[in-house]
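Here's the structure, in structure tokens; my notes come after.
The values are calculated or read from the model by the stated rules, or taken from the named source; none is laboratory data. As the structure is a prediction and not an experimental result, all values here were calculated from the model. Every residue, glycine as well, gets a Cβ built from its backbone with ideal geometry; the counts of neighbours run over all protein chains shown.
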Amino acid sequence: MGGVIKESVSIDLLKRKMDDFAKERDWEKFHSPRNLLLALVGEVGELSEIFQWKGEVPKGLPDWKEEEKEHLGEELSDVLLYLIRLSDICGVDLGQAALRKLHLNALKYPVNGSSTEYENANNNYSTTD
């Protein structure tokens, strides 16, 4: 990839770009939390379709064609961009919320616990009403 310069990407950069994108097209009036959530759900569905009939796939997707990986990147990006836009419209600092959630998860699942303990704990929850 000679000559390609990768821009550093932050949540704030994407938030600004999404805001500019919506303003330039006069789409802000359509970007209510409900509408953005429904669009996000639709994009998650499109992302799910990519994996639907593939079964388990190894990390790194070594058997995937480059076009499939590119399509995956596009759908992952759609999900990310709608999530960022939704958080912005709702006034949630997504980066700080994610860091807080990681901290809460670390407290809930301490390092000294084994994956077997967590699997057994999850199996104790009933899936029926």
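Residues that are aliphatic (A, V, I, L, M) and touching a helix residue (DSSP H, G or I) at 6+ places or on another chain (Cβ under 9 Å) within segment 10-40 comprise 11, 14, 18, 22, 36, 37, 39, 40, listed in sequence order.
With the structure loaded, tell me whether residue 107 is surrounded by 16 or more Cβ atoms within 10 Å (Cβ to Cβ) and in a helix (DSSP H, G or I) or whether it fails that test. So residue 107 does not fit the description; no. Restricting 29, 17 to those that are loosely packed, with under 11 Cβ neighbours inside 10 Å and modelled with pLDDT of 95 or more reduces the list to 29. Is it the case that segment 44-65 has a residue that's hydroxyl-bearing (Ser, Thr, Tyr), within 25 Å of residue 93 (Cβ to Cβ) and surrounded by 10 or more Cβ atoms within 10 Å (Cβ to Cβ)? Checked segment 44-65: no residue is hydroxyl-bearing (Ser, Thr, Tyr), within 25 Å of residue 93 (Cβ to Cβ) and surrounded by 10 or more Cβ atoms within 10 Å (Cβ to Cβ).
The sole residue among 36, 72, 13 that is in a helix (DSSP H, G or I), in contact with a Leu (Cβ under 8 Å, 6 or more places away or on another chain) and either closer than 20 Å to residue 87 by Cβ or among the hydroxyl-bearing types (Ser, Thr, Tyr) (or both) is 36.
One residue stands out in segment 18-33 among those that are touching a residue at least 40 places away in the same chain (Cβ under 8 Å) and in a helix (DSSP H, G or I): the one that is nearest to residue 81 (Cα to Cα), namely 18.
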